[in-house]
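Single-structure report; data block below.
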Ligand code: DQA
């Protein structure tokens with residue numbers, strides 16, 4: 001059986017995980033998180049490619065490529081979640097499932113985080129479970145792909 005690819009795309013400041021506000025985001029480094037995601041995905045028969053950028057334009061280019069190649073996406077848009085209509089519009093073009101992921105629970109934080117401009121074009125959202133949010137999202141994606 002062919003291995004299904006999934007892209008796990010991460011927005012600004014997530015490369016600082018481990019040292020960035022550990023009380024909010026935990027102490028796992030970005031590199032450890034990425035390695036865990038690849039391992040978890042592989043156990044589910046998925047081949048994960050994990051990327052991070054601080055550049056909105058680069059993230060949009062990746063989303064266009066995912067759309068063109070029908071690659072399912074797990075996306076932590078980070079702060080772009082709350083205001084980037086350009087990221088939302090790129091997500092709206094995707095041709096395979098999109099799962100929005102957050103380490104923290106934005107709804108339990110500052111008011112500006114209560115809006116996600118991405119959620120309305122995502123298949124679903126998983127937030128608030130720390131690094132486990134990514135694991136849960138991979139499981140949800142594997143379930144979706146098995147149904148289709
Ligand atoms: C985040 C939540 C966002 O509000 C914040 O800007 C981030 C990380 C999370 O994973 O909890 O950078 O997406």
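The values are calculated or read from the model by the stated rules, or taken from the named source; none is laboratory data. This one's a predicted model, so the numbers in the text were calculated from it and none came from an experiment. Methodologically, a virtual Cβ is constructed for each residue, glycine included, from the backbone with ideal geometry; neighbour enumeration extends over all protein chains shown.
Here are some conditions: (1) in a loop (DSSP other than H, G, I, E, B); (2) within 12 Å of the ligand (Cβ to nearest atom). Residue 94 meets all but one. Which one does it not meet? Exception for residue 94: condition (2). Across segment 38-61, the qualifying residues are those that are in a helix (DSSP H, G or I) and touching a residue at least 60 places away in the same chain (Cβ under 8 Å), and the one among them that is farthest from residue 132 (Cα to Cα) is 41.
With 90, 119 as the choices, which residue is crowded, with 20+ Cβ neighbours inside 10 Å, at pLDDT 95 or above and over 21 Å from residue 18 (Cα atoms)? Write out each step before concluding.
On the way: 119 fails: crowded, with 20+ Cβ neighbours inside 10 Å.
Exactly one residue qualifies, and that residue is 90.
Tell me, which residue of segment 72-87 that is buried (at least 20 other Cβ atoms within 10 Å of the Cβ) and more than 14 Å from the ligand (Cβ to nearest atom) is farthest from residue 126 (Cα to Cα)? Result: 72. Condition first: within 16 Å of the ligand (Cβ to nearest atom) and more than 16 Å from residue 97 (Cβ to Cβ). Can you find one or more residues in segment 60-71 that meet it? Within segment 60-71 (the criterion being within 16 Å of the ligand (Cβ to nearest atom) and more than 16 Å from residue 97 (Cβ to Cβ)), the answer is no, since none of the residues qualifies.
Residues of segment 97-114 that are within 15 Å of the ligand (Cβ to nearest atom) and not in a helix (DSSP H, G or I): 98, 99, 100, 101, 102, 103, 104, 105, 109, 110. Beta carbons closer than 9 Å, at least 6 apart along the sequence or on distinct chains, pair a first residue in segment 114-143 that is closer than 16 Å to residue 33 by Cα with a second that is surrounded by fewer than 20 Cβ atoms within 10 Å (Cβ to Cβ) and at pLDDT below 95 for 130/26; 131/26.
Against the numbered list (1) part of a loop (DSSP other than H, G, I, E, B); (2) touching a strand residue (DSSP E or B) at 6+ places or on another chain (Cβ under 7 Å), residue 117 comes up short only at (2).
Across segment 18-37, the qualifying residues are those that are in contact with a strand residue (DSSP E or B) (Cβ under 9 Å, 6 or more places away or on another chain) and surrounded by 15 or more Cβ atoms within 10 Å (Cβ to Cβ), and the one among them that is nearest to residue 143 (Cα to Cα) is 37.
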